[in-house]
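As structure tokens, the structure follows; a few thoughts come after it.
The values are calculated or read from the model by the stated rules, or taken from the named source; none is laboratory data. These numbers come from a predicted model, not from an experiment. Note that each Cβ is placed from the backbone with ideal geometry, even for glycine, and that neighbours are counted across all protein chains shown. These area figures cover heavy atoms from the full protein model, side chains too; ligands, DNA and RNA do not enter into them. Shrake-Rupley method; radii C 1.70, N 1.55, O 1.52, S 1.80 Å.
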Amino acid sequence: MSTVGPVYEAIIGVKDLAAAERYWAEMGYRPVARGELDAATAEQLYGWPRAARALRLQNGETAEYSLVRLLEWEELRPGRAADFPPISLAMRWSAALVDGVVDLYDSFLEGAAAGEPWQVNRLVRAWMGSPDEPPGFFRRPIVMREFLVTGPETRQVFFGRTGFTRPGYGRVWPSSPRGVSPFTHHGVVLPAEQSLSWFCDVLGLERRGGRELSDQQEGARTHLELRPGQRVLYTQLGAPGFPEGLLFIFQPLAPAPDGREVCRPGGQGVTLFSFRTGDLAGVLAASQALGGQVTPICRNEFGEPAAAVVLPAGVWWQLIGTSARPSG
């Protein structure tokens with residue numbers, strides 16, 4: 001049985017809570033909880049002694065995983081995650097299925113052309129049919145299209161399918177104005193020397209696959225912005241019984257920019273992922289045994305028992321205590 005469930009939240013530091021809420025409403029997310037944190041508690045839980053206002057957002061009826069938590073800090077840390085390339089240590093992003101991926105891509109391009117602060121990577125089209133049956137005019141398209149967009153407080157991958165489905169992976173709720181699903185998976189960049197035993201042995205996540213990526217692959221080159229000759233190890237992890245809310249770990253095989261100081265609580269952008277567990281104290285003790293640093297258990301912005309774990313490589317995570325273990 002899994003100790004934790006899927007990735008519960010992408011936690012995002014923002015300058016303006018109302019403006020961020022408006023953006024995420026376009027993605028289909030609505031408020032389900034509001035809260036506040038005083039500076040003293042924030043220092044205990046996040047290592048950043050500033051007060052914060054919080055908003056938890058949920059897409060459709062997906063409540064067990066892939067939520068968004070917005071944190072409007074009294075003062076943000078210097079720097080921001082968006083100024084770093086995707087393959088930088090501690091960088092994070094999230095991905096979602098889109099019913100009209102080309103339309104959404106055009107909207108971001110139009111916004112960028114109008115002066116809005118979007119960096120929109122090229123839309124990549126990949127043939128998903130059998131390699132023995134190449135595409136042609138008389139063969140219906142079996143393709144996936146995806147693109148990466150980076151804003152001051154967001155980094156997201158959007159993908160769409162034509163001619164095939166993947167049941168259980170990407171559900172678009174009717175309430176989403178742009179036809180965007182809850183997050184199917186999340187990415188994080190860790191140093192190559194960081195063992196994955198914490199994720200597998202402590203959190204109970206299972207490996208779902210992985211391989212080596214390089215600039216020779218169009219998707220990796222475009223979305224991860226890989227330089228010529230750059231190689232990255234890629235591992236998929238998921239909670240047993242859950243097809244979504246996966247965690248994709250990327251580990252560069254050569255020195256990469258270091259974003260650990262800005263991509264931590266108190267920073268602007270996607271700075272943290274959270275998990276829920278029915279055994280908070282046990283997970284914290286096991287994390288310490290593997291060399292992780294842990295913060296004291298205290299009440300987070302929503303009154304939930306929570307604590308942070310900082311892996312030996314210096315990347316932060318939040319654990320939230322629940323009365324029962326998540327079930328798939």
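Remarks
- Cβ-based net charge around Gly79, under 12 Å, with every Lys or Arg adding one and every Asp or Glu removing one: +1
- Estimated vicinal HN-Hα couplings, Hz - the stretch 233-242 in sequence order (Karplus 6.51, -1.76, 1.60; Gly, Pro = x): 7, 10, 10, 9, 10, x, 7, x, x, 10
- Here the 3J(HN,Hα) profile of the stretch 176-184, calculated from phi with Karplus coefficients 6.51, -1.76 and 1.60 at θ = phi - 60°, is 7, x, 9, x, 9, 7, x, 4, 7 Hz, Gly and Pro shown as x.
- Other residues with beta-carbon under 14 Å from the beta-carbon of Gly168 carry, at +1 per Lys or Arg and -1 per Asp or Glu, a net charge of +2.
- The mean accessible area for residues of the chain, using a 1.4 Å probe and ignoring ligands and nucleic acids, is 42 Å² per residue.
- For the stretch 252-296 versus the stretch 75-140, the gap between their alpha-carbon centres in whole angstrom: 26
- Base-10 log of normalised Debye intensity for the chain (one unit scatterer per alpha-carbon) at q = 0.10 Å⁻¹: -0.55
- Of the solvent-accessible surface of the stretch 264-327, computed with a 1.4 Å probe over protein heavy atoms with every protein chain present, carbon and sulfur atoms account for 49 percent.
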